[in-house]
Amino acid sequence: MKLGVSSPLLHDSPKQWARKHKELGLAVINFSPNCEDEPALVEEYVKEARAQGLTIAEVGVWRNTLDPDEDARRKAVRFAVGQLELADRIGARCCVNIIGARGPRWDGAYKENYTRETWELGVKTIREIIDAVSPHNTYFTIESMPWMVPTGPDEYLHLLEAVDRDRFAVHMDVFNWMTTPQRYFYNEEFIEECFEKLGKSVKSCHLKDVCMEENYTLFFRETYMGNGAVNIRHLIETAMSYDEDMPFIIEHLNTDEEYLNSIRYVKKLIH
């Protein structure tokens with residue numbers, strides 16, 4: 001297992017950034033700079049990560065490439081292309097984004113997220129990003145999300161087929177797909193289904209937990225590991241059966257101390 005965190009951790013230099021991750025026993029790292037930073041700074045971060053033997057797991061885009069405002073959409077697409085170029089240049093395992101949302105919030109829930117027109121624009125946009133770079137050392141991936149496509153493993157398979165690019169792969173956040181009581185209560189079986197269908201294409205995974213509130217009508221809350229119902233050990237073991245070097249990125253915590261606690265939790269769980 002190769003564990004990492006989504007936080008850059010508090011640091012004053014690339015050397016400290018890489019050293020702090022290594023001292024915590026982490027093996028993978030999310031890249032902190034982006035394509036708009038000075039090339040010399042980018043290279044310094046790459047050099048320090050390599051010096052500590054850290055695998056660069058993800059270069060994030062986190063822009064709305066389906067923004068209804070066409071000027072904003074084109075700007076987001078240009079940034080995604082730049083991030084994919086960066087990921088390819090530094091040999092990251094993947095460059096990751098969400099497919100996008102058809103409203104003012106970049107990752108928001110909208111009825112229009114599910115239209116045929118949105119699907120077709122999403123496929124076209126993913127192709128455009130990949131074709132602009134023609135990567136050889138990385139993959140472009142879409143993170144699974146709760147209120148936009150792909151809504152499950154079957155729809156992700158359809159998306160892979162529709163995009164039809166060798167360098168398009170999967171970013172697995174199975175927690176974001178815990179959107180029904182069935183998936184929540186039978187999460188071990190759902191995890192197995194996801195990896196049976198997509199495991200060979202998964203380049204990176206997120207780690208957190210999900211708790212279903214006992215209130216009407218239905219509400220799933222993202223939470224820290226151990227405070228929900230997802231079988232984290234089963235997820236890690238299942239993912240590793242497809243790739244022993246699979247990155248697992250702990251995400252969405254508020255402080256370095258919370259990340260440290262989650263790192264300890266995972267290591268105790270596995271060992």
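Overview of values
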| quantity | calculated |
| --- | --- |
| Carbon + sulfur, % of accessible area of the stretch 1-123 - ligands and nucleic acids excluded, 1.4 Å | 48 percent |
| For the stretch 5-17, Karplus couplings with θ = phi - 60° (6.51, -1.76, 1.60), whole Hz, Gly/Pro x | 10, 6, 6, x, 6, 5, 8, 10, 7, x, 4, 5, 3 |
| Of the GluC sites (Glu not before Pro) in the stretch 207-241, those whose Cβ has at most 10 other Cβ within 10 Å and which sit in DSSP loop | GLU213, GLU214 |
| Eligible lysines near LYS15 by straight Cα distance, threshold 30 Å, same-chain separation 8 or greater | LYS2, LYS47, LYS203, LYS208, LYS267, LYS268 |
| Separation of alpha-carbon centers, the stretch 36-84 and the stretch 180-228, rounded to whole Å | 27 Å |
| Extended-chain gain in nm, criterion 0.36 nm per residue less alpha-carbon gap, ASN34 and GLU196 | 55.0 nm |
| Accessible surface ranking that places the most exposed of ASP12, ASP245, ASP256 first, with a 1.4 angstrom probe | ASP12, ASP245, ASP256 |
| Phi to ³J(HN,Hα) by Karplus 6.51 cos²θ - 1.76 cosθ + 1.60 over the stretch 32-38, Hz, x for Gly, Pro | 7, x, 10, 5, 8, 7, 4 |
| Gained length - ALA162 relative to GLN182, 0.36 nm times residue gap less alpha-carbon distance | 4.4 nm |
| Under-5 Å amide H pairs with LEU207, H placed in peptide plane, nonlocal only | ILE249, ILE250, GLU251 |
| Paramagnetic reach from HIS136 (point 7 Å along Cα→Cβ, amide N under 16 Å) across the stretch 163-177 | 166-167 |
| Residues of the stretch 177-203 with amide N under 19 Å of a point placed 7 Å along Cα→Cβ from ASN215 | 179-181 |
| Per-residue [θ]222 nm for the chain (sum of -39500 (n - 2.57) over DSSP H runs n ≥ 4, rounded to 500) | -13000 deg cm²/dmol |
| Average accessible surface area per residue within the chain, 1.4 Å rolling probe, Å² | 47 Å² |
| Residue-span extension gain [GLU257 to GLU70] - 0.36 nm each, minus C-alpha spacing | 63.3 nm |
| Accessible surface, 1.4 Å probe, highest first, among residues ILE270, ILE29 | ILE270, ILE29 |
| Accessible heavy-atom area order of MET1, MET212, highest first, probe of 1.4 Å | MET1, MET212 |
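The values are calculated or read from the model by the stated rules, or taken from the named source; none is laboratory data. These numbers come from a predicted model, not from an experiment. Quick reminder, even Gly has a Cβ in these numbers, built from the backbone with ideal geometry, and neighbours come from all protein chains shown. Ligands, DNA and RNA are stripped out before the accessible areas are found, and what is left, the full protein with its side chains, is counted by its heavy atoms. Shrake-Rupley method; radii C 1.70, N 1.55, O 1.52, S 1.80 Å.
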